[in-house]
Structure formats: C-alpha cells, structure tokens
Amino acid sequence: MTDILPYTPPKVWAWNTESGGDWAKINRPVAGPTHDKELPVGRHPLQLYSLATPNGVKVAVMLEELLALGHEGAEYDAHLIRIKDAEQFGSGFVGVNPNSKIPALMDHSTETPTRVFESGAILLYLAEKFGALLPSDPARRAECLSWLFWQMGSAPYLGGGFGHFYKYAPEKFEYPIDRFAMEVKRQLDVLDRHLATSRYMCGDEYTIADIAIWPWYGALVSNTVYAAAEFLSAHEYENLNRWTKLIAGRETVRRGRMVNRTWGPLEEQLHERHDASDFQLRTQDKVELAA
C-alpha cells in the first residue's frame, strides 16, 4: 500500500474548508435553502426538475416509456437543475425535495399537488399511478421491488464511493479506491450472475428495475461514467454487457438519456423538454449542423 501520512480524527469534527475537488461547493454539513428562487412550472401535469446524471436519467426514461405505452397523463415538462451552480439549494427546489438532490417531481394532476423525491420513489410512484412497468403478480412484484431497492442501496458505493475516489477526489489514495473497486466488482458480479438466466432484471418483463439499474451499471460497463471500464475489467461481465446493449437499444431510453443533458455531443443534449417535438427539433439541429 502507498505510504500516506496517518490521520487522527479530532475529538469533535468541524467543517473548516471546502474539500472534494470539482464538486466541493455543493457539499456542506447542513440542509435547507441558500437562496430564494422559485421553480418554473410548465403546462403539463408532471413537472420534473432534474439533470441527466444516472439518477436523473431514470425518471426521464420512465416518463418516455409511459408515453410510448400510450399514457397521455405522463406528459411532462423537464426543467434543468444545474447542480454545479448549486441550483438545488434554491428555496423552490428545497420545497420539492428537502434533501436537495435531483431528481424531484411535482404531480399537479392531484387535488393538492404531490411532491415526490428520491429517484426510486419516483419510479414506484409513476408505476403505481399508471399501472405500468411493475408486475402485478405478487411474487414477480416482490422480485422487481427487491432489485429496485438493491439499486438504491448499492449505487452509493459506486458513485459516492468508487466514482468519487477514482474520478473526482483531488488526491488519489490506494486504500479507498481499492476498497470501493472491490465492492463495485462484487456488485457487477451479482448482476452478471443474475442476468445469466434472465433476459431482463425480472425475467422476460421489462420493468422499473431495469430502468433504475441501467443508468448506473449499464453506463459503467459501457464506459460512459467514470471512464473506468478498463480499470474494472468490465468486458468480463458478458451477461451484464448483453443486457446493457439491449436496454440502450430502446428508443425511449435514447430519448430519456437526452433530457436535461448539458454535456457530450450536441445531438445527445436536450437541456429542457416541454413537448415530444423537442426531440425532433434537436434532430433537425443535428441535420443543420451537418449541412
């Protein structure tokens, strides 16, 4: 192990300076708003406030899947929340999600508007609201929810653990990278073994479990988050890679991945989504740029 100076925790921890590299300014030991800012409200019943991180992608994909299934009530406006600019600490956003994390959803179709936060809770809320993408059979429903909550409990080790220390930490240390790399590879093996005998996460049925897991673990093995696929030998997980490509091939997933995206190729970005035609306009922009 690389020699590093030992650290002795103080008797009482105190927040003295920002730390954490590029994302330092969004980390603080207290909750609540830092400034007054109301959220925009569009014309559709569902208002999504998000960014195309893996957690944000989940909800955008879910809404596009519901629309593709013919659920007109799933029409939505997607408003961009720039987390590097600390917009998640505005008073309006904190009113929707007191935890100040994207994504957050407001449902204005209910008698009193309903707020929903935490991406897994939003997926479950929408699945139950529209009766879609969640098995009705008790045993298969339990399987689906088990994988949904598996993702919610496991991804922090991938993102806040491995992703932070491998990609974003201002200094690289062997111990935390090795510790979290080991755990992430264990999780990849869990998925790969399961998908050896299952087309989707819940058998032959595409569900919210797939929608929750793909933006994190599919992105990892396809090298679109953390640039760590080679480091983690992601090619070894053949069943997981097969499933990743299967999900990525869905048109609904392609559209959902674009929503509230502000990086990457221009044709893959849709900063805000207010109508299905917005995707067509982005395609037209691509054609005009190529001309």
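Taken together, the values in this text are just the output of simple stated rules run on the coordinates, not laboratory data. Only a predicted model underlies this, so the values are computations on that prediction, with no experimental measurement involved. Because the Cβ atoms are built from the backbone with ideal geometry, glycine has one as well, and the counts that use them run over all protein chains shown.
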Report task. Can you check what the Kirkwood hydrodynamic radius comes to for the chain, Cα pairs only, in Å to one decimal? Result -> 20.4
Query - By average C-beta atoms within 10 angstrom, highest first, the peptides 140-148, 91-99 - result: 140-148, 91-99
Report task. Rank-order 100-109, 246-255 by packing density, defined as the average count of other C-beta atoms within 10 Å over each peptide's residues, highest first. Result -> 100-109, 246-255
Query raised in the report: Rounded to the nearest 500 deg cm²/dmol, what is the calculated helix-only ellipticity per residue at 222 nm for the chain, with -39500 (n - 2.57) per DSSP H run of length n ≥ 4?
Result: -12000 deg cm²/dmol
**Report entry** Unsatisfied cross-links (Cα-Cα over 26 Å) in the set Lys167/Lys245; Lys58/Lys172; Lys11/Lys84; Lys58/Lys129; Lys25/Lys172; Lys37/Lys167
**Finding:** Lys58/Lys172; Lys11/Lys84; Lys37/Lys167
Query raised in the report: Residue farthest toward the positive end of the dipole of region 12-124, with Cβ of Lys/Arg at +1 and Asp/Glu at -1: which of Ile81, Pro29, Ala104?
Result: Pro29
Query - Values of log10 I(q)/I(0), in the order q = 0.22 Å⁻¹, for region 138-255 under a Debye, Cα-only, solvent-free model - result: -1.28
Query raised in the report: Using the Cα gyration tensor of region 59-203, with a ≥ b ≥ c the square roots of its eigenvalues, what is the shape: rounded (a/c below 1.5), prolate (a/b larger than b/c) or oblate (neither)?
Result: oblate
**Report entry** D_trans [Stokes-Einstein, Kirkwood Rh over alpha-carbon pairs] for region 46-130, 20 °C, 1.002 mPa s, µm² s⁻¹
**Finding:** 167
